[in-house]
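K.L.:
Please see the structure below; I have some questions.
The values are calculated or read from the model by the stated rules, or taken from the named source; none is laboratory data. For clarity, every value in this text was computed on a predicted model and none was experimentally measured. Note: ideal-geometry Cβ built from the backbone for every residue, glycine included; neighbour counts use all protein chains shown.
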Amino acid sequence: MISETPIAAAIAAIRAELPEHVRLVAVSKTHPEEAIEEAYACGQRHFGESRPLELKRKYEALPKDIEWHMIGHLQTNKIKYIIPFVSLIESVDSARLAEAIEREAAKHNRTVDVLLEIHVAQEESKTGWDYGALSKYVAEGGFRALPHLRVRGVMGIATNTEDEDVIRNDFELLRGAYEALKPAFDDTFDTLSMGMSDDYPLAIACGSTSVRIGSRIFGLRDYSK
C-alpha cells in the first residue's frame, strides 16, 4: 500500500472542513511542479500563482485541465504572458488594469473571468480598489465597456493580525461589498474569494465561497526562488 503524502493528507483534511459550496484554491506560488503534481494526483485542480512568468512556465509543464488563478498583483506589461490560458484573474485592483486586460483578451478573442480585488486591510501596502472608487466605476458603466471581461465577484485580503475582531470586520466589509455590487452584474457574479491558511474558517463563516490556501498544503514558501 502506498502511503499518503503530506500534501495529499493536508488537502484531504482541508476538504473535510470545507462546505460543499466553497472552492479550494491551492496556492502553489514558489513551489515546484512536483508539489503541484502531488496535489493534482489527489484531485486538486484549482491552483493560485502570483508571478506571471512562473505561472506561464508551470502551465506549459503541467496538465492542461488545471484551472490557474492569478492571485497576486498583476502589472499591465505582464498580462500578455497569462492571458491565453488563465482561468481566473483574482487580483483586478484598478480600472487601468481592467482596461489593459480587456485589450489583451480581445487580441486572443477570449472572455476572461476576473474578480475585483477590494482593499479592506489596515496595511496600506496591500493592493485593491478603494470601494468608493470601484462603486463609482461600476455605476458609470465602466465594466459594460469591457466585453472581454466577465466579472465573477470580489476578492480581498484581511489585515495581518491575530485580532479576530479586526479580521472578521474586514471579511464582513468584503461580503457587504460583494452583496452591494452583485445587482450590477449578471448571475455569473457568484464568487467571494477570501480566507487563507490562517483565517479561512472565519472567512467561510463570513460568507466566503473560495479560499486560497498555500502553507497548510505545501509548507512555507521559498522566496529565494
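K.L.:
Scan 22, 27 and give me the residue that is among the β-branched types (Val, Ile, Thr) and over 30 Å from residue 77 (Cβ atoms). Talk me through it step by step, then tell me what you get.
P.N.:
Values: 27 fails: over 30 Å from residue 77 (Cβ atoms).
Being among the β-branched types (Val, Ile, Thr) and over 30 Å from residue 77 (Cβ atoms) holds for just one of 22, 27, which is 22.
K.L.:
With 171, 189 as the choices, which residue is among the aromatic types (Phe, Trp, Tyr), part of a loop (DSSP other than H, G, I, E, B) and touching a residue at least 24 places away in the same chain (Cβ under 8 Å)? Steps first, please.
P.N.:
On the way: 171 fails: part of a loop (DSSP other than H, G, I, E, B).
Unique residue meeting the criteria: 189.
K.L.:
Now for a separate question. Would you say residue 150 is within 29 Å of residue 28 (Cα to Cα), basic (Lys, Arg) and either in contact with a Pro (Cβ under 7 Å, 6 or more places away or on another chain) or without any contact (Cβ under 8 Å) to a residue 60 or more places away in the chain (or both)?
P.N.:
Details: within 29 Å of residue 28 (Cα to Cα): yes; basic (Lys, Arg): yes; either in contact with a Pro (Cβ under 7 Å, 6 or more places away or on another chain) or without any contact (Cβ under 8 Å) to a residue 60 or more places away in the chain (or both): yes.
Answer is yes for this residue.
K.L.:
Kindly indicate which of 55, 24, 74 is under 26 Å from residue 151 (Cα atoms) and part of a helix (DSSP H, G or I).
P.N.:
55
K.L.:
Moving on to the next point. Give me the pairs, please: first residue somewhere in region 26-41 and under 11 Å from residue 215 (Cα atoms), second residue anywhere and β-branched (Val, Ile, Thr) and at pLDDT 95 or above, beta-carbon distance under 6 Å, and either six or more positions apart or on two chains.
P.N.:
26/217; 28/36
K.L.:
Of these, 121, 98, which one is modelled with pLDDT under 95 and surrounded by 19 or more Cβ atoms within 10 Å (Cβ to Cβ)? Step through it out loud before you land on a result.
P.N.:
Details: 98 fails: modelled with pLDDT under 95.
The match here is 121.
K.L.:
Kindly check whether there is at least one residue in region 214-224 that is crowded, with 21+ Cβ neighbours inside 10 Å, basic (Lys, Arg) and at pLDDT 95 or above.
P.N.:
Taking every residue of region 214-224 in turn, none turns out to be crowded, with 21+ Cβ neighbours inside 10 Å, basic (Lys, Arg) and at pLDDT 95 or above.
K.L.:
Still on this structure: Residue 181: in a helix (DSSP H, G or I), touching a residue at least 60 places away in the same chain (Cβ under 8 Å) and within 18 Å of residue 91 (Cα to Cα), yes or no?
P.N.:
On the way: in a helix (DSSP H, G or I): yes; touching a residue at least 60 places away in the same chain (Cβ under 8 Å): yes; within 18 Å of residue 91 (Cα to Cα): yes.
Spelling it out, residue 181 is indeed in a helix (DSSP H, G or I), touching a residue at least 60 places away in the same chain (Cβ under 8 Å) and within 18 Å of residue 91 (Cα to Cα).
K.L.:
Which pairs turn up if I take residues in region 64-92 that are touching a residue at least 24 places away in the same chain (Cβ under 8 Å) and look for partners that are aromatic (Phe, Trp, Tyr) and not in a helix (DSSP H, G or I) with beta carbon separation below 9 Å, at least 6 apart in sequence or on another chain?
P.N.:
These pairs meet every condition: 66/47; 69/47; 82/68; 85/68; 86/68; 87/68; 88/68; 92/129.
K.L.:
Tell me which residues, restricted to region 170-189, are acidic (Asp, Glu) and out of contact with any Ser or Thr (no Cβ under 8 Å at 6 or more places or on another chain). Even if it seems obvious, please write down each step before you answer.
P.N.:
Our first condition is that a residue be acidic (Asp, Glu); within region 170-189, this holds for 170, 172, 179, 186-187.
Of everything in region 170-189, those that are acidic (Asp, Glu) and out of contact with any Ser or Thr (no Cβ under 8 Å at 6 or more places or on another chain) turn out to be 172, 179, 186, 187.
K.L.:
Among the listed residues 170, 187, 130, 165, which satisfies the condition of being farther than 30 Å from residue 57 by Cα, surrounded by 17 or more Cβ atoms within 10 Å (Cβ to Cβ) and charged (D, E, K, R)? Walk me through it before giving the result.
P.N.:
Working: 187 fails: surrounded by 17 or more Cβ atoms within 10 Å (Cβ to Cβ); 130 fails: surrounded by 17 or more Cβ atoms within 10 Å (Cβ to Cβ); 165 fails: surrounded by 17 or more Cβ atoms within 10 Å (Cβ to Cβ).
Every option except 170 fails the conditions.
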